[in-house]
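Engineer: Sharing a structure below in structure tokens format, with a few things to ask.
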Amino acid sequence: YRIAVFASGEGSNFQALAEAADAGKLGKAEIALLVCDKPSAPVVGRAGRLGIPAFLFQPKDYESREAYERVIVEQLEAHGVDLVVLAGYMRLLTPVIVEKFSRRLINIHPSLLPAFPGKDAIRQALAYGVKVSGVTVHFVDEGMDTGPIIAQAAIPIASGETPESFAQAVHAVERELYPEVVSWFAQGRVKLEGRQVTIGE
Ligand code: GRF
């Protein structure tokens, strides 16, 4: 079972997934490919150190989103990818990828969706003053953080919490939750009917 991770930045989730795979926690799944739209991002160095192949591209070298997504789809097919995992990939996808990987395309978002979609969810949640936020893993559709929800974890927001301290708490939860969800996919346990997701035995 082969996984591609799409990331644009730090790559702490990418690293957690790669380490979980190495530790046998993803069952028979392996991280087969990193796809990154920012060749200078720290995640690229992580892939190098982990010996994971990377497809790097710059959107400005293509005439449209669809044009580079067609090249990405070729890469995914060449690497025999079964599941696409977005982990801090800072671009909306078009139907070129969304339709090709329908039901096999997931994202992690640092809020309890549908609250605080889009960029800067952690700051948005603290600015709003909510007392609980968290992490959501969901299927990806063409909207911004709108696909069917697979798993959520709540995290209380303590008084005096800063965006920095809360981001640390979020990342710690993400490092546990995302590998667990990916392991469910590798075991064929995730069922989707309409918006309803169930995790089988
Ligand atoms: C994570 O907080 C994730 O929820 C969001 O982007 C961040 C990526 O962090 N979508 P990293 O690049 O995995 O460290």
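Here, each number is a calculation from the coordinates, and none is a lab measurement. What you see is a predicted model; the values in this text were computed from it and never measured. All Cβ positions, glycine included, derive from the backbone under ideal geometry; neighbour counts span all protein chains shown.
Engineer: Kindly indicate the residue of segment 89-125 that is assigned to a helix (DSSP H, G or I) and aliphatic (A, V, I, L, M) and also farthest from the ligand (Cβ to nearest atom) among those meeting that condition.
Structural biologist: Within segment 89-125, the match that is farthest from the ligand (Cβ to nearest atom) is Val96.
Engineer: If you scan segment 154-201, which residues turn out to be more than 16 Å from Val137 (Cα to Cα) and touching a helix residue (DSSP H, G or I) at 6+ places or on another chain (Cβ under 7 Å)?
Structural biologist: Matches in segment 154-201: Ile157, Glu161, Pro163, Phe166, Ala167.
Engineer: Answer with yes or no whether Glu69 is away from the ligand (no atom under 16 Å from the Cβ), surrounded by 15 or more Cβ atoms within 10 Å (Cβ to Cβ) and part of a helix (DSSP H, G or I).
Structural biologist: yes
Engineer: State which residue is surrounded by the fewest Cβ atoms within 10 Å (Cβ to Cβ) when the search covers only segment 183-201 and only residues that are in a helix (DSSP H, G or I) and of a type in the set (A, V, I, L, M, F, W, C).
Structural biologist: The selected residue is Trp184.
Engineer: Quick check: anything in segment 156-170 surrounded by fewer than 20 Cβ atoms within 10 Å (Cβ to Cβ), part of a strand (DSSP E or B) and within 13 Å of the chain's Cα centre (by Cα)?
Structural biologist: Checked against the condition, which is being surrounded by fewer than 20 Cβ atoms within 10 Å (Cβ to Cβ), part of a strand (DSSP E or B) and within 13 Å of the chain's Cα centre (by Cα), segment 156-170 yields no hits at all.
Engineer: If you scan segment 72-88, which residues turn out to be away from the ligand (no atom under 16 Å from the Cβ), assigned to a loop (DSSP other than H, G, I, E, B) and buried (at least 20 other Cβ atoms within 10 Å of the Cβ)?
Structural biologist: Val81, the sole residue that qualifies.
Engineer: How many residues are outside any loop (DSSP other than H, G, I, E, B) and either within 14 Å of Gly88 (Cα to Cα) or more than 12 Å from the ligand (Cβ to nearest atom) (or both) if we restrict to segment 126-148?
Structural biologist: Result for segment 126-148: 9.
Engineer: For segment 21-56: of the residues being assigned to a helix (DSSP H, G or I) and crowded, with 21+ Cβ neighbours inside 10 Å, which is farthest from the ligand (Cβ to nearest atom)?
Structural biologist: Ala21
Engineer: Name the one entry in Glu180, Glu99 that is of a type in the set (D, E, K, R), within 15 Å of the chain's Cα centre (by Cα) and surrounded by fewer than 21 Cβ atoms within 10 Å (Cβ to Cβ).
Structural biologist: The unique qualifying residue is Glu180.
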